[in-house]
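Where a number appears in this text, it was derived from the coordinates with a stated rule and is not lab data. Fair warning: this is a prediction, and the values are worked out from it, not measured in the lab. Cβ: placed from backbone, ideal geometry, glycine included. Neighbour counts: every protein chain shown.
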Amino acid sequence: SCKRGRHGTRTGVERAIASGREGTARDTHAMPEDAVKLTPTVLWAQRKDRLLITIDLPNPEHPRVNLEEEGRLTFSATAGKDGEERREYEVVLEFLHPVNAKDSKISVGNRQVFVVVMKTEEFSGEHWPRLLRAKGKVPHVKTDFNKWVDEDEEEESDRDAAFDLAQLRELSTYEHSTYEKDFYGEEEDSDEDDDMPDLERI
């Protein structure tokens with residue numbers, strides 16, 4: 001074991017070890033990406049044919065979502081209020097039943113991420129008794145009373161609310177890469193490419 005010098009001063013070896021530890025602590029503090037990911041609040045409601053999932057996040061950036069047919073939703077993003085440090089958020093939801101991932105949609109806003117998860121034909125037609133496969137209360141998952149409608153009243157309510165899936169994006173938009181600010185520009189470029197054959201004929 002290392003011996004201390006007179007008057008309790010550190011030996012060279014002890015100083016080197018302590019310096020290494022302090023450096024590691026400083027490095028960890030300086031790298032927020034190594035910090036523990038936070039869990040966002042998830043609000044949910046449902047209709048006979050879909051789940052309405054709202055992930056409450058201030059100014060979400062770089063969202064990434066993956067929805068599997070067996071009913072597993074994985075979501076991650078960085079978020080933070082204006083003027084505050086941005087943090088990483090992640091949540092995994094294991095739904096009670098399998099879902100129709102292909103026809104599900106997403107919308108990323110300034111204060112929240114809204115995901116419409118379509119139920120499969122087998123598990124459509126009535127409300128599910130709960131959202132998640134696991135029984136019991138989950139602290140970060142709450143009922144969305146603003147969107148909740150009783151099963152026998154949902155048709156009339158949805159006519160007023162006019163849920164329009166056409167205004168939402170495909171989940172694949174955020175499935176494999178982070179959100180890019182020039183996404184719309186890329187779409188415009190693709191339209192221009194479609195016009196190229198006409199230019200060649202002129």
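What base-10 log of the normalised intensity I(q)/I(0) is obtained for segment 56-124 from the Debye formula, alpha carbons as equal point scatterers, at q = 0.20, 0.21, 0.26 Å⁻¹? Those come out to -0.79, -0.85, -1.11, one per q. Quick one: which of LYS48/LYS147; LYS102/LYS135; LYS81/LYS135 span more than 23 angstrom between C-alpha atoms? Violating the 23 Å limit, Cα to Cα: LYS102/LYS135; LYS81/LYS135. SER124 sits among other residues whose Cβ lies under 11 Å from its own Cβ, and their net charge, with Lys and Arg +1 and Asp and Glu -1, is 0.
Please give me the summed charge of the neighbours of VAL91: other residues whose Cβ is under 14 Å from its Cβ, Lys and Arg +1, Asp and Glu -1.
Values: positive: LYS37, ARG64, ARG72, ARG87, LYS142; negative: ASP56, GLU88, GLU90, GLU94.
Spelling it out: positives minus negatives among the neighbours equals +1.
Placing a pseudo-label 7 Å from each Cα along the Cα-to-Cβ vector at LYS81 and SER107 gives an inter-label distance of 2.5 nm.
With each label modelled as a point 7 angstrom along the Cα→C-beta vector, the PHE114-GLU126 pair spans 2.9 nm.
Relative to the current alpha-carbon distance between LYS135 and GLN167, full extension at 0.36 nm per residue lengthens the span by 8.2 nm. Can you work out the FRET efficiency for the pair GLU68 and ASP150, with r the C-beta to C-beta distance and R0 = 30 Å, to the nearest 0.05? Result of the calculation: an efficiency of 0.50.
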